[in-house]
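Participant: Once you've had a glance at the structure underneath, I'll fire off some questions.
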Amino acid sequence: MDAFCGVAGIGKKGGVMDEEIVKVILAVVVFAAMAWLLVNLFSPVFDEGDETAKSYFDMLERSVDEVDGLGSASFFMLDNGRDDMNFYLAYFGNLASFKRNDKIFTRKLDSKENVLCVCSESGKSVVCKYCRGMDLPVSFFYNDVSQQGGGTWTAGEGRKVKLEKEVANYAFSS
């Protein structure tokens with residue numbers, strides 16, 4: 001019987017040995033810590049709308065750099081097919097906000113001029129977190145018709161936008 005108790009890790013009095021208790025507690029703590037890290041790493045921090053807008057903004061930055069160097073470029077935001085999440089290319093000029101089609105586009109007020117933003121819409125709010133100032137004003141033409149409404153304009157996802165640099169301004173068209 002003593003040989004059996006030693007193999008199973010049970011002391012002569014029938015209790016689990018101290019080493020085994022420490023191993024079990026340590027395993028539970030490690031498992032709990034890993035689960036907590038995984039949940040906090042992936043769930044609350046990731047915002048699909050924000051991350052997609054940031055990605056589109058990075059693409060816009062490359063397109064503007066290309067148009068500055070070559071004179072023309074293009075920019076496209078894929079229509080994700082979801083009605084609950086939309087993206088816009090919005091030109092603010094020097095304004096902090098404007099209204100278009102019952103949507104209010106708002107950006108952070110700063111000293112930038114000729115501001116161009118990638119905005120995300122979730123529900124009724126349109127957030128324009130990713131913006132850049134342009135060296136020149138930006139006009140927008142849709143089917144060869146100017147869309148300048150008080151110096152502001154928007155282009156929704158699913159529309160390929162052609163960027164061209166002219167002498168006194170940038171001309172974007174779709």
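The values are calculated or read from the model by the stated rules, or taken from the named source; none is laboratory data. This one's a predicted model, so the numbers in the text were calculated from it and none came from an experiment. Quick reminder, even Gly has a Cβ in these numbers, built from the backbone with ideal geometry, and neighbours come from all protein chains shown.
Participant: Are any of the residues in region 41-48 surrounded by 10 or more Cβ atoms within 10 Å (Cβ to Cβ), within 30 Å of Y88 (Cβ to Cβ) and touching a residue at least 40 places away in the same chain (Cβ under 8 Å)?
Facilitator: No; the residues of region 41-48 include none that is surrounded by 10 or more Cβ atoms within 10 Å (Cβ to Cβ), within 30 Å of Y88 (Cβ to Cβ) and touching a residue at least 40 places away in the same chain (Cβ under 8 Å).
Participant: Additional query: Give the residues of region 92-119 that are within 17 Å of E157 (Cα to Cα) and modelled with pLDDT of 90 or more, sorted by residue number.
Facilitator: Within region 92-119, L116, C117, V118, C119 meet the criteria.
Participant: Within region 76-95, identify whether any single residue is of a type in the set (S, T, Y), closer than 16 Å to D135 by Cβ and either crowded, with 16+ Cβ neighbours inside 10 Å or in contact with a Leu (Cβ under 6 Å, 6 or more places away or on another chain) (or both), and answer yes or no.
Facilitator: Applying the first criterion (of a type in the set (S, T, Y)) to region 76-95 yields 88, 91.
Now restrict to residues that are closer than 16 Å to D135 by Cβ: 91.
Next, only the ones that are either crowded, with 16+ Cβ neighbours inside 10 Å or in contact with a Leu (Cβ under 6 Å, 6 or more places away or on another chain) (or both) stay: 91.
The answer is yes, given that some residue of region 76-95 is of a type in the set (S, T, Y), closer than 16 Å to D135 by Cβ and either crowded, with 16+ Cβ neighbours inside 10 Å or in contact with a Leu (Cβ under 6 Å, 6 or more places away or on another chain) (or both).
Participant: Restricting region 116-139 to residues that are among the hydrophobic types (A, V, I, L, M, F, W, C) and under 19 Å from D50 (Cα atoms), which is surrounded by the most Cβ atoms within 10 Å (Cβ to Cβ)? Spell out how you get there, then give the answer.
Facilitator: Step one: filter region 116-139 for residues among the hydrophobic types (A, V, I, L, M, F, W, C), giving 116-119, 126-128, 131, 134, 136, 138.
Restricting the remaining residues to those that are under 19 Å from D50 (Cα atoms) gives 116-119, 126-128, 131.
Numbers: L116: 24, C117: 25, V118: 25, C119: 27, V126: 23, V127: 16, C128: 22, C131: 18.
The residue in question is C119.
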